[in-house]
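Read through the structure below, which is laid out as structure tokens, and then see the notes.
The values are calculated or read from the model by the stated rules, or taken from the named source; none is laboratory data. Everything numeric in this text was worked out from a predicted model, so none of it was measured. Note that each Cβ is placed from the backbone with ideal geometry, even for glycine, and that neighbours are counted across all protein chains shown. Ligands, DNA and RNA are excluded from the accessible area calculation, which covers all protein heavy atoms including side chains. Shrake-Rupley method; radii C 1.70, N 1.55, O 1.52, S 1.80 Å.
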Amino acid sequence: MTVQQRIEQLRAVLRQHNYNYYVLDNSTISDYEFDLKLKELEKLEQENPQFFDPNSPTQRVGGAITKNFETVQHKNRMYSLDNSYSENDLYDWQKRIQKILGTENITYVCELKYDGASINLTYKNGQFEKAVTRGDGFQGDDVSANIKTIRSIPLVVSSNFVQNFEIRGEIILPIQGFVKMNKEREASGEDPYRNPRNTASGSLKLQDSAEVAKRPLDCLLYQVVTDEQNYKTHFESLEMARKAGFKVPETIVLAKSIKAVLAFINFWSTKRHDLPYETDGVVIKVNDIHQQEELGYTAKSPRWAIAYKYKAEQVSTILNEITYQVGRTGAITPVANLEPVQLAGTIVKRASLHNADQIKKLDVRVNDTVFVEKGGEIIPKIMGVDFSKRPTNSTVTTYINRCPECNTILVRKEGDAKHYCPNEFGCPPQITGKIKHFISRKAMNIDGIGSETIDLLYKEGLIKNYADLYLLTVNQIIPLERMAEKSAQNIISGIEKSKEIPFEKVLFALGIRFVGETVAKKLARHFKNIDNLMAADFETLIAVDEIGDTIAESIIDFFNTPLNKDIINRLKSYGVQFEIAVEDIKNQTDKLLEKIIVVSGVFSKMSRNELKKIIEDNGGKVSSSISKKTSYVVAGDNMGPSKLEKAQNLGVPIISEDDFLNLIK
Ligand code: AMP
Ligand code: ZN
């Protein structure tokens, strides 16, 4: 086989596996084999640049930076959809189109209305060419570099499909991925994203495609546009697109009457909450392409399609009080305390009002009757006020100007959506919030202490910052509420044990704004110890991969604060880890990033602990039990029979010690 043939072969195999995994949700190859093949391909492509292909599976990881997205004219306009809200609206629509077509014989396609950002993908000779946002319908932005990182979008389509075409779909962020992203943001002191849709559409405009590659975006397709038409119906075109490699949801159906359409609408009105992504309605389309052409378009939308919008589940209730929460970073969040009300299956008592602007925009006041909606089906939000029910004596809400916890005057910096309490070291929820973050599982992982214990220790004046934890004694803790000798002992030994926690986690635990787990790891690996990091100036910081201006400024700010310096010196003197362990420095890579590995049996070249360490040094995670999520099991001699069986049943690949070593070579 020539090099070129091998390259082609690897690309085809990897494409197939991307398809199986991301479109069919059914992986047929282990991550291990996939990675080996991808590595082989990367190497061959590097050595043989004459065979470069922009649509190679190696081009999915991102890295291209787009400063300005180019405006591109759509070859075929991207229309809006007319909306309908009731049975009657749909029957009216049917009447209109029956009249134009002069027949009652119309078949419909029912699709869900996926809630994300629309995208138009163009393919030339079966190859991905570009991806353009809807924009104003006539022209949009070329976001190709970002879209290419979405693994479920094929970059090459199978040869039995049309080869020159556009295909339209919705870029979505599945709910689970959205929730996970927000947890990570909050852990690093960033504001959470509002909802999956905005986050998906915001992702398309990120300048760094490597950043987009990290987000679990997906693309659901709903329309093929081509001159090489070899199908007669819309449904057929979607089925062909699905076979060609696109993710066309299996939820689409044919309906021979509006009655059947209504059955589909009814079915999904509640069932849609079980889907992994958000939907806000149904789209009904005329199936026959000839009929579609006859019907044509109005100034804004096709006559052959109509959207049915589900009513967002909304209730009204009374707002009793607006309270203000102070976060670990000092950010103030106004909260509406509501008369409890049933909404979409849960009882809602509180809803976020986000910030001062939101309160002003809605003009919400205490004692108002407000409309509450489950926005994005995740967090309830206040949509507006029922002004007809406003009490005559109501007064405009004035936003607080002092911190509700420490009475300090609040500040709002330019560009910030929220007000902040600047009293970082004197404001109780900020003080305890920092300590709670410090002890949390992903940080210092201190057993035996929970959130309430921190509140208690603080209230009793025993701790004012996280360094104080290390001075606590058993005798100080025993007299406290709900404490006994045993629990006090546990707390102290938990604190003692945290001195072994590696530097990268300590760095995360310090709670520097914008320094999340990943950034902390990067910084730890790059600077090796806290002194180097503290000495780094802005230029040095931003030269580090993935460290931008905001993070750099925040780090400098943190270390310029005398109290922080003092706390770090104290932590050092107590024996907390402030440098990377010597043996950690060599051999660290990202080769096993996101891999979850189970180790079982006895090994000949290293101990189990050494093996586990190698996994972690290379960015992998060690897990003790096998599940569907396990990437592989590294098996030594005498692997436990139950583990073996479980791995085999779940199809988790079992690799030997040598396979493993090859993987990280
Ligand atoms: P609207 O923005 O309300 O005019 O609705 C039109 C938009 O709905 C389109 O631009 C698509 O982005 C989106 N959409 C979501 N699902 C579908 C679907 N199944 N068929 C057509 N459009 C859809
Ligand atoms: Zn305060």
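Within region 395-428, how many residues are away from ligand 2 (no atom under 16 Å from the Cβ) and closer than 15 Å to I359 by Cα? So the answer is 5. Taken over region 41-66, the criterion of being open to solvent by 70 Å² or more (accessible area, probe 1.4 Å) and either basic (K, R) or in a helix (DSSP H, G or I) (or both) is satisfied by E42, K43, Q46, E47, P49, Q50.
For region 137-154, a residue qualifies if it is farther than 18 Å from V225 by Cβ and open to solvent by 10 Å² or more (accessible area, probe 1.4 Å), and the qualifying residues are D141, A145, K148, R151.
Within region 297-326, restricting attention to residues that are within 16 Å of ligand 1 (Cβ to nearest atom) and either closer than 17 Å to V366 by Cβ or open to solvent by 70 Å² or more (accessible area, probe 1.4 Å) (or both), the residue that is modelled with the highest pLDDT is R303.
Does K232 satisfy the condition of being open to solvent by 40 Å² or more (accessible area, probe 1.4 Å) and either under 15 Å from the mean Cα position of the chain (by Cα) or within 30 Å of K436 (Cβ to Cβ) (or both)? In short, no. Consider region 102-120 and keep the residues that are more than 23 Å from the chain's Cα centre (by Cα) and part of a strand (DSSP E or B). The one that is farthest from ligand 1 (Cβ to nearest atom) is Y108.
Selection of region 183-237 for residues being hydrophobic (A, V, I, L, M, F, W, C) and either without any contact (Cβ under 8 Å) to a residue 24 or more places away in the chain or more than 15 Å from ligand 1 (Cβ to nearest atom) (or both) yields A187, L206, A210, V212, A213. Of the residues K612, K629, K605, the single one that is of a type outside the set (F, W, Y) and touching an Asp or Glu at 6+ places or on another chain (Cβ under 7 Å) is K605. For region 155-175, a tally of residues being free of Cβ contacts under 8 Å to residues at least 60 places away in the same chain and either surrounded by 19 or more Cβ atoms within 10 Å (Cβ to Cβ) or within 18 Å of K214 (Cα to Cα) (or both) returns 2.
With respect to being among the small types (G, A, S), within 16 Å of ligand 2 (Cβ to nearest atom) and within 36 Å of the chain's Cα centre (by Cα), G384 falls outside the description. When region 390-417 is filtered for residues that are in contact (Cβ under 8 Å) with a residue 24 or more places away in the chain and either within 16 Å of ligand 1 (Cβ to nearest atom) or more than 30 Å from G461 (Cα to Cα) (or both), the ones remaining, listed by number, are R390, P391, S394, T395, V396, T397, Y399, R412, A417. Could you list, in sequence order, the residues of region 265-288 that are open to solvent by 20 Å² or more (accessible area, probe 1.4 Å) and hydrophobic (A, V, I, L, M, F, W, C)? Result: F267, W268, L275. Screening Y123, Y91 for residues that are modelled with pLDDT of 95 or more, closer than 29 Å to Q5 by Cα and in the same structural domain as V286 (by TED's automatic domain parsing) leaves exactly one candidate, Y123. One residue stands out among those in region 63-92 that are within 14 Å of Y297 (Cα to Cα) and out of contact with any Lys or Arg (no Cβ under 7 Å at 6 or more places or on another chain): the one that is nearest to ligand 1 (Cβ to nearest atom), which is L81. State the number of residues belonging to region 128-147 that are in contact with a Leu (Cβ under 7 Å, 6 or more places away or on another chain) and part of a strand (DSSP E or B). Matching residues across region 128-147 total 3. When each of D447, D531, D455 is tested for being open to solvent by 10 Å² or more (accessible area, probe 1.4 Å), among the acidic types (D, E) and within 20 Å of K565 (Cβ to Cβ), the lone residue that passes is D531. The residues of region 211-249 that are touching a Gly at 6+ places or on another chain (Cβ under 9 Å) and basic (K, R), listed by number, are K214, R215, K247.
Do we find that Q342 is modelled with pLDDT of 90 or more and either under 29 Å from V385 (Cα atoms) or assigned by TED's automatic domain parsing to the domain that holds L112 (or both) in this structure? Here the answer is no, as Q342 does not meet what is asked. Taking region 121-155 as the range and being more than 18 Å from Y222 (Cα to Cα) and away from ligand 1 (no atom under 16 Å from the Cβ) as the test, the residues that pass are K124, N125, G126, Q127, E129, D142, S144, A145, N146, K148, T149.
Of all residues in region 512-545, which are out of contact with any Ser or Thr (no Cβ under 8 Å at 6 or more places or on another chain), not in a helix (DSSP H, G or I) and not β-branched (V, I, T)? Correct list: K528, N529, A536, D537, A543, D545. Flag set for F527, criterion: free of Cβ contacts under 8 Å to residues at least 40 places away in the same chain and of a type outside the set (S, T, Y).
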